[in-house]
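Have a look at the structure below before the remarks.
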Amino acid sequence: VETTQKTIHVELGTRGYDVVVGPGAIDRLPEVIRARCGGTIPRRAMLVLDAGIGTNAEFSAQVAAAAMASVRDRCITLSIQPSEQVKSMETLERLLAEMTRGKLERNEPVIAVGGGIVCDVAGFAAATYRRGVPVVQCPTTLLAMVDASVGGKTGVNLRVGDSLKKNMVGAFHQPVGVLADVRALKSLAEREFRAGLAECIKHALIARGLGAPEVTSEIGADLAAAGARSEIGITAMIARHVALKAMVVSGDEREEAPSTVGGRALLNLGHTFGHAIETLGDLIIDDSRSSGPLLHGEAVALGLCAAAACAGAMGLIAGPMAQEVTKVVASAGLPTRASGLPSIDVLIGLMQDDKKTSGGRLRVILPTSWGESRVVEGPPSRAVRAGWAAIGAP
Ligand SMILES: NC(=O)c1ccc[n+]([C@@H]2O[C@H](COP(=O)([O-])OP(=O)(O)OC[C@H]3O[C@@H](n4cnc5c(N)ncnc54)[C@H](O)[C@@H]3O)[C@@H](O)[C@H]2O)c1
């Protein structure tokens, strides 16, 4: 089992850490905690569990055993049924209250086991409890493995009036380790699994320009391995995508690179479009295969298609390439069109609200070739409209 695991180091000086990918990764939990939380076995820990893994009896038992072996006294456990509504200040407060009640101390870790929502909210609780305690991220969805668990972005959505502002409150808080155990994925719903592939396609669209051409060139093979649910193929794919994310994060941890360089902001490809539609209800995707609200990955998939069309309208890429992006997205079983979208004017308003605007100007990431993307400040409204129109906005 050991041999099929892959370890990727996220180079961040004293805040650097390893990401272990593969079957059995969760068994490393006691080792990681002992090494990274004060050098001894801590008395307590806070385990934040995604209720979704309850359907995976084998993996749940492995998590429980690993968590118990990681503490001397007890593991305070809290289970979360994730949704974007639950990724909230109230849930954060609930976690903090449990940690306080459980008398969790400074070197005692939070162990997040779940999808991106659990990783984000538990990570944020770890970032803020007593001004910061260690967190070990144990992602259990494909999306969380290739993206959310690595890089230290944590946070919650903020309710403002009756709208939900995605990831509006948060902190950078690097984990002390990431354990991506692919055995967890056995129970993941097909639709959730495909949603994770959207972030992989996003990576493929930026990787060549960042010096990781294999992520771009292997995307077809990766999508095929993922489709076949091959454990070895999926482990290799996740490792490749984690390595890319690690490289981007090491180069620009806090997303501060100037837009001419791109840096971590490039990972937002598809997200400015995607975030605008992610929390809307009642969308019908691809003429009724499934209905909204969209999953995060599905919103990103539509966002990638919109970004490609927008880039096409600006002449950054040729027409066939925009179609190629849509084709790859469709080949992963992801949506490329939605109906029931609000008008383009409303959507542009929602985009302006995104926290990635700067000085009130829209800021989008657009592909310039297959594998290369860049930051575009203030794209012409005609091109943005073409992006929205391409995925079906009226
Ligand atoms: N911090 C970051 O850098 C970053 C990056 C990308 C996305 N995100 C965030 O991640 C979130 C999306 O994450 P997600 O796609 O993992 O969704 P999610 O966290 O909602 O999980 C999806 C569903 O799968 C269930 N589940 C989780 N693991 C399971 C398993 N092994 N078996 C069966 N069911 C399981 C969950 O209960 C949930 O119902 C969004 O809120 C997004 O903003 C954060």
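The values are calculated or read from the model by the stated rules, or taken from the named source; none is laboratory data. Here the structure is a predicted model, which is why all the values come from computation and not from measurement. FYI the Cβ positions are ideal-geometry reconstructions off the backbone, even for glycines, and counts take in every protein chain you see. Just so you know, the surface numbers come from the protein's heavy atoms only, side chains and all, with ligands and any DNA or RNA stripped out. Shrake-Rupley method; radii C 1.70, N 1.55, O 1.52, S 1.80 Å.
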With every protein chain left in place, what is the accessible area of residue 149 in Å² (1.4 Å probe, nearest 10)?
-> 0
Between segment 315-394 and segment 22-84, how many Å separate their Cα centres?
-> 39
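On the protein heavy atoms, probe 1.4 angstrom, tell me the percent of accessible surface of the chain carried by carbon and sulfur.
Numbers: 7940 of 15040 Å².
It is 53 percent, rounded to a whole number.
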Relative to the longest principal axis of the chain, what angle (0 to 90°, nearest 10) does the C-alpha long axis of helix 89-101 take?
-> 10
Please identify every one of the GluC sites (Glu not before Pro) in segment 108-207 that sits in a loop by DSSP and has no more than 10 other beta carbons within 10 Å of its own beta carbon.
-> none
Mind pulling the angle between the C-alpha long axis of helix 381-390 and the longest principal axis of the chain? Nearest 10 degrees, somewhere in 0 to 90.
-> 70
For the pair residue 224 and residue 103, what calculated FRET efficiency results from E = 1/(1 + (r/R0)^6), where r is the Cβ-Cβ distance and R0 = 35 Å, to the nearest 0.05?
-> 0.10
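Which shape class, rounded, prolate or oblate, goes with segment 167-257 when its Cα gyration tensor gives a ≥ b ≥ c as root eigenvalues, a/c under 1.5 marks rounded, and past that a/b bigger than b/c marks prolate?
Details: a/c = 1.89, a/b = 1.30, b/c = 1.46.
Oblate shape, in that a/c is at least 1.5 and b/c is the bigger or equal ratio.
Rounded if a/c is under 1.5, else prolate if a/b beats b/c, else oblate: with a ≥ b ≥ c from the C-alpha gyration tensor eigenvalues square-rooted, which is segment 242-376?
On the way: a/c = 1.57, a/b = 1.37, b/c = 1.15.
Prolate is the answer for segment 242-376, as a/c is 1.5 or above and a/b outweighs b/c.
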Going by accessible area, probe 1.4 Å, with all protein chains left in place, what is the ranking of 159, 264, 44, largest first?
-> 159, 44, 264
Quick one: helix 296-313 against the long Cα principal axis of the chain, what's the angle to the nearest 10°, folded into 0 to 90?
-> 30
Between 322, 126, 224, which gets the highest mean-square fluctuation from a Gaussian network model of the chain, Cα cutoff 10 Å?
-> 224
Set of lysines with alpha-carbon distance to residue 153 below 18 Å, sequence-local pairs under 8 removed = 87, 165, 166, 202, 245, 355, 356
Would you calculate, for the chain, the mean residue ellipticity at 222 nm contributed by helices, counting each DSSP H stretch of 4 or more residues as -39,500 (n - 2.57) and dividing by all residues, to the nearest 500?
-> -12500 deg cm²/dmol
With DNA, RNA and ligands ignored, accessible area of residue 120 (1.4 Å probe; Å², nearest 10) = 20
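Once the piece of chain linking residue 343 and residue 79 is laid out straight, how much longer is it, given 0.36 nm per residue of separation minus the C-alpha distance between them? Present the calculation step by step, with values, prior to reporting the outcome.
Working: separation 264, 0.36 × 264 = 95.04 nm, distance 3.85 nm.
Going from the current span to full extension adds 91.2 nm.
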Could you calculate, for the chain, the ratio of the Cα radius of gyration to the Kirkwood radius, expressed as Rg to Rh?
-> 0.96
Label zone at residue 34, where the point sits 7 Å out along the Cα-to-Cβ direction: segment 179-213 residues whose backbone N lies under 19 Å = 179
Treat each spin label as a single point 7 Å out from the Cα along the C-beta direction, and report the residue 61 to residue 43 distance in nm.
-> 3.2
Size of charge dipole - segment 62-200 - debye, nearest 20, with Cβ of Lys, Arg +1 and Asp, Glu -1, no other charges = 240
Averaged per residue, what accessible surface does segment 114-217 expose to a 1.4 Å probe, in Å²?
-> 28
